[in-house]
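Novice: Could you have a look at this structure, given as structure tokens, before my questions?
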Amino acid sequence: MLPKQRLLANVLLVLSLSCSQPPETEFWNNGEPVFDVQELFSSERFPNVVTALDGTIVATWGNKSYQVRRSEDGGKTWQPTQTIATPGFQGGGVIVDEENGDILAFVEDSHPISPMTMYRSKDHGKTWTAEKTTILPDSLGNIPSMHMNEHGITLRVGANKGRLIRPTRSYGGGNEREFWESHYTNAIYSDDGGKTWQTSTPFPAMGTGEATLAELADGTIYYNSRRHLSTDGLNPRMRYIAWSKDGGHTYKDLSVSEELPDGDQNRDYGLMAGLVRLPIEGHDILLFSNIESPEGRNHGTVWASFDGGKTWPLKKLVEEGGFAYSSLTAGRAGTPSEGLIYLFYEGAGHPSSAGKMAIFNLPWLTDGKDWKEFLPN
């Protein structure tokens, strides 16, 4: 397909999907509860999952080689593993460009601090091409590392509509514990389709790493971060929250969640988490994945917020056994993924982790209740 033909096809796809999506996307309530778990990878680590513009589920994985698996039928079957880069270390933060359908993936040569390559797919994850990109330093003069954050997003509201943004992090002098006090999270964002990236100001807490973000209906960005180490006396065993009102450049109003744990509760270490906003028009329904465990990485759980992250009145156990890093994405209207939620996580396996995909819907999460019953008064 020629470039102009590909662009026209992507534009028509965006228009068809947006036109086929009914107000409040009632399909999220339809049907019987669905829940299934499949193993996609049997070794290595580090999950990220996104939903391509055509509804294809794209799961990326790996700390020795960067690997991809795709499902074009909503997760019923998965295509064979593609190896995109060897060596390749999962950078996380995969982004679907909602304007043209491109998918951007970030691959580091090894555990950061390490050189990074950005790969672009113009065919919903079927093929990938390495591409030069420029990442500008933050206000402290640091160029961030990619690993290991939740997927990025395309902003959909206001003056920054179309902006690509993903969480990132600064390792200070290195990954060893002696440097943790100098660690902090932030974000990179691009207004030219990924050619050039600005770096946000630092998240307003040190000792943080591995973050998530979501855009709310009014354009506010909700930012939720892991914390390795408390440098200010605040509880490092719960998630750290801040907000952006300027398209992701600055983050303010720091708080510590009273409901969302950050990893197992017997140590100050934390755990990468998943986050997604469900595409239900006019509502800020967020899902968050992590563990609810007094000791050890197990008891993987999903929490739901119906007010944009202010409260989390609903939670449900997904995996009683081993559960570590996780990533969340939602299906798209008018495709086989419609009404489904995808949780890609590290489960127990050999010789390292098993990459598992839990597929469920809102009726499973709410035990068959209408999600509107959980909306705040």
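Throughout, read-outs are computed from the coordinates displayed, never taken from laboratory work. Quick caveat: nothing in here was measured; it's all calculated off a predicted structure. Cβ placement follows ideal geometry from the backbone for every residue including glycine, while neighbour counts extend to all protein chains displayed.
Novice: Binned at 10 Å from 0, what are the whole-percent values of the Cα-Cα distance distribution for the range 316-377, short to long?
Specialist: Here the calculated profile for the range 316-377 is 19, 40, 31, 9, 1.
Novice: So if I take the centroid of the Cα atoms in the range 257-321 and the same for the range 183-245, what is the distance between those two points in Å?
Specialist: Spelled out, the Cα-based centre of one part sits 17 Å from the other.
Novice: Using only DSSP helix segments of four residues or longer, with each worth -39500 (n - 2.57), what per-residue ellipticity at 222 nm results for the chain after dividing by its residue count and rounding to 500? Spell out each step's value before the answer.
Specialist: Values: 2 runs with 22 residues, N = 377.
The helix contribution divided over the chain gives -2000 deg cm²/dmol.
Novice: Let me ask something else. Quick one: dipole size for the chain, taken about the Cα centre, charges +1 on Lys/Arg Cβ and -1 on Asp/Glu Cβ, in debye to the nearest 20.
Specialist: That gives a dipole near 760 debye.
Novice: Sort 99, 215, 131, 150 so that the residue with the fewest other Cβ atoms within 10 Å of its own Cβ comes first and the one with the most comes last.
Specialist: Details: 99 17, 215 24, 131 12, 150 31.
Ordered by Cβ neighbours within 10 Å, fewest first: 131, 99, 215, 150.
Novice: What does the extension gain come out to for residue 140 and residue 73, with contour length at 0.36 nm per residue minus their alpha carbon separation?
Specialist: Gain on extension, residue 140 to residue 73, equals 19.6 nm.
Novice: For the chain, what number results from the quotient of the Cα radius of gyration and 2.2 N^0.38 Å?
Specialist: For the chain, the normalised Cα radius of gyration is 0.90.
Novice: When the chain is treated as a GNM, springs tying every alpha-carbon pair under 10 Å, which of 226, 332, 267 comes out with the largest mean-square fluctuation?
Specialist: 267
Novice: Same structure again: When the chain is treated as a GNM, springs tying every alpha-carbon pair under 10 Å, which of 344, 46, 179 comes out with the largest mean-square fluctuation?
Specialist: Per the Cα network of the chain with a 10 Å cutoff, 179 tops the list.
Novice: Under a 10 Å cutoff between Cα atoms, tell me which one of 50, 256, 276 has the largest fluctuation in the Gaussian network model of the chain.
Specialist: 256
Novice: In whole Å, what three semi-axes, largest first, describe the equivalent ellipsoid of the range 243-304 built from its Cα gyration tensor (square root of 5 times each eigenvalue)?
Specialist: Semi-axis lengths for the range 243-304 are 25, 17, 9 Å.
Novice: Next up: In whole angstrom, how far apart do the alpha carbon centroids of the range 78-95 and the range 106-152 sit?
Specialist: 12
Novice: Calculate, in nm to one decimal, what residue 177 and residue 317 gain on full extension: separation in residues at 0.36 nm each, minus their alpha carbon distance.
Specialist: Result for the pair: 47.3 nm of gain on full extension.
Novice: Could you compute the FRET efficiency for residue 34 and residue 126, with r as their C-beta to C-beta distance and R0 at 30 Å, rounded to 0.05?
Specialist: The value I calculate is 0.70.
Novice: Just subtract the alpha-carbon distance of residue 234 and residue 367 from 0.36 nm times their residue separation and send over the number in nm, one decimal.
Specialist: Full extension from residue 234 to residue 367 adds 44.4 nm.
Novice: Report for the chain the percent antiparallel among DSSP-assigned beta bridges with both residues inside it, nearest 5. It would help to have the intermediate numbers written out before the result.
Specialist: Values: 88 of 91 bridges.
Among the beta bridges of the chain, antiparallel pairing accounts for roughly 95 percent.
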